[in-house]
Amino acid sequence: MAGNPRSPKLPDFVTWPAFPFEGDLRLKPIAEPADNEPPRRGEEPGDCSSCRAGDEDYLWANERWRVKSPPKPSGLPVVVILETRAHLDLGDLSTMHAAELGVLTVRLERAIRSLDSVARVHVSRWGDGSAHLQLWFLARPLGHLQLRGPFMTMWDDILPPTDESQWRQDLDYLTAWLADAD
């Protein structure tokens, strides 16, 4: 992994057990900064897929929040996304929304972690993809210690998809857990 002696040194995380790749790696050159930041998907509420989606596309919804999953299983046991119903981003949340975000984050983490196949839950928010707030919950499979850490999204794409019937059963369980607390 040393690469070309003239190449920049690779970061230490390439040696971590959780890093999903091995062999010769090389860094891409850092691009020059752009003159303008590109707009994110759905900057305008009328162009936002989350704002246009109906509640039937979600596992659970209330008057201010909704929870959805990707349309098919991926490599992790469960991936769900918490969204605001209104077209808001993290910095736009009212004090009430912010307080509810904390409560819902804990509820979802507890619900996902209570599944037999799950050891830990990673919670992430990326600000560059969508203008609509989305908080991602990624379940690390029980016993898969190699998947610990910041590379969970990579492992989710690398691992074979979870069994669909188990995935649907787990989503039904999460939906019931959320509905029970209403």
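Rule-based calculations on the coordinates, nothing more; no lab input. These numbers come from a predicted model, not from an experiment. As a convention, Cβ positions derive from the backbone with ideal geometry for all residues, glycine included, and neighbour counts pool all protein chains shown.
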Note on the stretch 124-143: residues surrounded by fewer than 15 Cβ atoms within 10 Å (Cβ to Cβ), over 14 Å from Leu108 (Cα atoms) and not aromatic (Phe, Trp, Tyr) are Arg125, Gly127, Asp128, Gly129, Leu142, Gly143
Note: among Thr162, Thr153, Thr95, Thr105, just one is without any contact (Cβ under 8 Å) to a residue 40 or more places away in the chain and closer than 30 Å to Glu22 by Cβ, namely Thr153
Scanning the stretch 43-66 for residues that are assigned to a loop (DSSP other than H, G, I, E, B) and either surrounded by fewer than 18 Cβ atoms within 10 Å (Cβ to Cβ) or of a type in the set (A, V, I, L, M) (or both) gives Glu43, Glu44, Cys48, Ala53, Gly54, Leu59, Asn62, Glu63, Arg64
